[in-house]
Amino acid sequence: VCQIGRYFFFFQAEDGIRDFCLSRGLGDVYKRQEQGIAAFGIGIASVGATAIAEIQFADYIYPAFDQLVNEAAKYRYRSGNQFSVGGLTVRAPYGAVGHGGHYHSQSPEAFFSHAPGLKVVIPRDCIQAKGLLLASIRDKNPVIFLEPKALYRNAEDEVPTEDYELALHKAEVVQEGKDITLIGYGTQIRVLKEAAKEAEQDGIKCEIIDLQTIYPYDIETLVESVKKTGRCIVSHEAPVTMGVGAEISAALQEKCFLYLEAPITRVCGYDTPFPLAHELVYLPDKWKVYDAIQKTVNY
Amino acid sequence: IYTSKLNFDSVSEKIPTFRVIELKGKVIAKKYDNTDTATLNKIYEKMVQLEEMDMILLQAQRQGRISFYMTALGEQACTVAVAAALNDIDLIYPQYREHGCLIWRGFTIDEFAHQCASNSRDPAKGRQMPVHYTSSKLNFVCVSSPLTTQVPQASGAGYTFKLQELDRIAVAFFGEGASSEGDFHSGMNFAATLGCQTLFLCRNNKYAISTPSDEQFKGDGVASKSQGYGMLTIRCDGNDAIAVYQAVKNAREYIVKNKKPAFIEFMTYRQGDHSTSDHSILYREEEELKSWAQNNPITRLGLYLKKKKYREIDEESDKELRKKYRQETIKALKSAIEEKKPGIHELFNDVYDRQTDNLEEQTKQLREHLDKYQGKYNLKNFEQL
């Protein structure tokens, strides 16, 4: 196993992984060059070893785009399964943090969800982070694992110490409800829960689904829910146009058209670079979600 | 070390080029004239095979029988002799002009032909354009069109071999044009700073498609860049098969012993077009081609072998040998073109290790579509399930 990336002083997540590697005599490499980090990791994985490549902030992942999309994603397919880089997992902190601005807040999941051969996974909280990360590392395909940085310092839970995995390509119904389906992932699940609580006071029972694996995603769980509720909202921080929400809306209206009582709404970031001073009003917060719930239920 | 002089002179001397035999086969580096004759004869034969195969497959593209081709004309020594000097288990990360290494390691003419014909017998299942070869059995990573991406990957692999304490190196091939890409910098710097068991081989063949090397960089070639990374650097006559062999053998020993990378710049010349989509006479002079034709790797080794009386075949047999390779290639190609294309289901396989739901659904959609619109698609050339 080789952990490649930066030693960052910002988050303590690194200490755990670094200590883990060093105590087991595993490779541990610190570099400050994203295209090199990804390519080096691909090289390690191409000879059958495990590489966990870390990008300091997802906002800096783009130099690695060519390596990830043109190489990692296509390694198995182009060689007729003679070579593959399943041992590669690329981890990066993503999402709003309150003061990150353009380059410490981005959600780039959509870019990588359009590259067949890659997988994209996002945990919503501690227990999912461990289970999904282990599953991603062990999955025999290259996985981009985006971690909600906003939760690094303020998420706490009783996480089982034993080894466990959560299945990839499986969405989880976090909360059941009969009136409307709210779909999201990562930090946004907390926002959906808060909006649902507000809606509950109006007698609206929301069903909340965490996608967990963004690509390829579990359409079946989503379809089952929307067929039951007949109403749907998809929500993410990333800009609304061409985001993950756009794909899910398209797929759901294809499969559930006659079951829908209202159009599917996306409550997402605006089509602007992630702002600094205006973060408060940029984010798809609980009031925007609540408003969308109201409009959808009363359509 | 400080100086009180403000020096505006550019960098000092050019790095000299290592050579063992001259253009007419005369030895000028006796110290390195110790390669066994069996190896030298095999290198000669395989370079001839490479040249003959290239000529036939190039013609085949011109005749419209395969869609695309790239030759290694004039550069045979810097792949065949390299492979001869490596261990068969050393993992090669090619650019796209290194099929000489595959020939040395035993890739058959049929396997070349199947890939070029994109048929169902191509182990890579017809997924990529001709010349994008791969063979895990022969330790040759898949060719991919994006330039230089393989270089830092080879660094990662070489690092892994070091951690695993293997007598095995990773070898990255690339052209001088590729050394302008960002991935070159990544690969070289990671390898040098981390101590990767990686050998970097640059085929400086004077042209990056139509860009001549004097427009590619203003420093002393690619070797001077390698020195900048603090890596062991050799510049070698790429058309001198013996020098190539000796340089690679010694570099390999250095790498495994010291657990550090090494770099060799092969000075050579691209005799042919960049590819069948190129028409190089539009950007280079006839005189230049004629001049470099005097410096042919196959001829030079042949003359050396003749001078030393090491040559196992005479001129007559040489003609027969070439004819044999030509005929083998023609036969293999004809047969490969007659094979069917891989089955339609292969479109959806190998995206991941296992089929995902979205791909299963799309497989079904395509199948239904093709059933319904049977008459509109000519599918008889595809393997049926």
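The values are calculated or read from the model by the stated rules, or taken from the named source; none is laboratory data. Nothing here was measured: the structure is a model prediction, and the numbers come from that model. When we count neighbours, we look across all protein chains shown, and the Cβ atoms used for this are built from the backbone with ideal geometry, even at glycine. These accessible areas exclude ligands, DNA and RNA; they are computed on the full protein's heavy atoms, side chains included. Shrake-Rupley method; radii C 1.70, N 1.55, O 1.52, S 1.80 Å.
Need one number: nm distance between label points at B:Asp36 and A:Val159, each 7 Å from Cα along Cα→Cβ, rounded to one decimal. The two pseudo-label positions are separated by 5.6 nm.
Using only side-chain charges placed at the Cβ, +1 for Lys and Arg and -1 for Asp and Glu, the dipole size of region B:231-353 relative to its Cα centre rounds to 680 debye.
Give me the percent relative contact order of chain A, please, defined on Cα pairs under 8 angstrom at least 6 residues apart.
Relative contact order here is 15 percent.
Among the listed pairs A:Lys130/B:Lys137; B:Lys30/B:Lys259; A:Lys119/B:Lys364; B:Lys14/B:Lys257, those with a Cα-Cα distance over 31 Å are A:Lys130/B:Lys137. Chains A and B together bury some 3400 Å² of accessible area, summed over both sides, with a 1.4 Å probe.
Could you give the length gained on full extension between B:Glu285 and B:Gln164, defined as 0.36 nm per residue of separation minus the Cα-Cα distance, in nm? Provide the component values of the computation, followed by the final result.
Working: separation 121, 0.36 × 121 = 43.56 nm, distance 5.01 nm.
Roughly 38.6 nm would be gained on extension.
Inter-chain neighbour count for A:70-77: the average number of beta-carbon atoms from partner chains within 10 Å of each residue's beta-carbon is 6. Any idea of B:Arg62's accessible area? Nearest 10 Å², probe 1.4 Å. About 130 Å², ignoring ligands and nucleic acids. Among B:67-78, B:240-251, B:83-94, sorting by the average number of other beta carbon atoms lying within 10 angstrom of each residue, highest first, gives B:240-251, B:67-78, B:83-94. Dividing the summed -39500 (n - 2.57) terms of all DSSP H runs of n ≥ 4 by the residue count of chain B sets its mean residue ellipticity at 222 nm at -13500 deg cm²/dmol.
Ranked from the most accessible area to the least, with a 1.4 Å probe and all protein chains present, what is the order of B:Val11, A:Val174?
So the residues, ranked largest to smallest area, are B:Val11, A:Val174.
Net charge dipole, the protein assembly as shown: roughly 2200 debye, given to the nearest 20, about the Cα centre with Cβ charges of +1 for Lys and Arg and -1 for Asp and Glu. Percent of accessible area on the protein assembly as shown owned by carbon and sulfur, 1.4 Å probe? Carbon and sulfur: 52 percent of the exposed surface of the protein assembly as shown. Here the average projected area of the convex hull drawn through the C-alpha atoms of region B:130-169 stands at 3.3 nm². With coordinates expressed along the principal axes, the C-alpha atoms belonging to region B:263-329 extend over 40, 32, 29 Å, beginning with the largest. Of the residues B:Lys257, B:Lys162, B:Lys306, the one with the largest accessible area comes first in the ranking B:Lys257, B:Lys306, B:Lys162, computed with a 1.4 Å probe on protein heavy atoms. On full extension, the segment bounded by B:Tyr373 and B:Lys319 gains 14.1 nm, given 0.36 nm per residue less the C-alpha separation. For the peptides A:82-94, B:33-45, residues were scored by their other Cβ atoms within 10 Å and the scores averaged per peptide; the highest-first order is A:82-94, B:33-45. Each residue, A:Glu224 and A:Thr272, gets one label point 7 Å from its Cα in the Cβ direction; the gap between the two is 4.1 nm.
For the pair region A:122-172 / region B:309-371, the C-alpha centres are spaced 41 Å from each other. Sites listed here are GluC sites (Glu not before Pro) in region B:138-187 whose DSSP assignment is loop and whose Cβ has at most 13 other Cβ atoms within 10 Å: B:Glu165.
Mean sequence separation of contacting Cα pairs (under 8 Å, at least six apart), scaled by the length of region A:50-125, corresponds to a relative contact order of 38 percent.
From the P(r) of chain A, can you give the percent of Cα pairs sitting at distances over 25 Å?
48 percent
Gyration tensor analysis over the Cα atoms of the protein assembly as shown returns equivalent ellipsoid semi-axes of 53, 31, 20 Å (largest first, whole Å). Here r is the Cβ-Cβ distance between B:Leu23 and B:Gln327 and R0 is 35 Å; the resulting FRET efficiency, rounded to 0.05, is 0.70. In the full protein context, region A:170-299 carries 47 Å² of accessible surface per residue, based on a 1.4 Å probe and ignoring ligands, DNA and RNA.
Would you list, by chain and number, the lysines whose Cα falls below 21 Å from the Cα of A:Lys205, excluding same-chain residues fewer than 8 positions away? Straight-distance partners of A:Lys205: A:Lys178, A:Lys193, A:Lys197, A:Lys227, A:Lys228, A:Lys286, A:Lys288, A:Lys295. Every Cα-Cα pair of chain B was included, and the share exceeding 32 Å stands at 38 percent.
Close amide H partners of A:Glu207, meaning residues 5 or more places away or on another chain with modelled amide H under 5 Å apart, are A:Gly177, A:Asp179, A:Ile180, A:Thr181, A:Leu182. Here the simple spin-label model places points 7 Å from the Cα toward Cβ, and for A:Arg138 and B:Lys380 these points are separated by 5.1 nm. Peptide B:351-360 shows a mean partner chain C-beta count of 6 within 10 Å per residue C-beta.
Here the Karplus relation 6.51 cos²θ - 1.76 cosθ + 1.60, evaluated at θ = phi - 60°, turns the backbone of region A:212-219 into coupling constants of 6, 9, 7, 8, x, 9, 8, 5 Hz, with x for every Gly and Pro.
Cβ-Cβ distance of B:Ser10 and B:Ser277, R₀ of 56 Å, FRET efficiency by 1/(1 + (r/R0)^6): the value works out to about 0.90.
Descending by average beta-carbon neighbour count within 10 Å, the peptides A:189-196, A:237-244, A:152-159 line up as A:189-196, A:237-244, A:152-159, the highest first.
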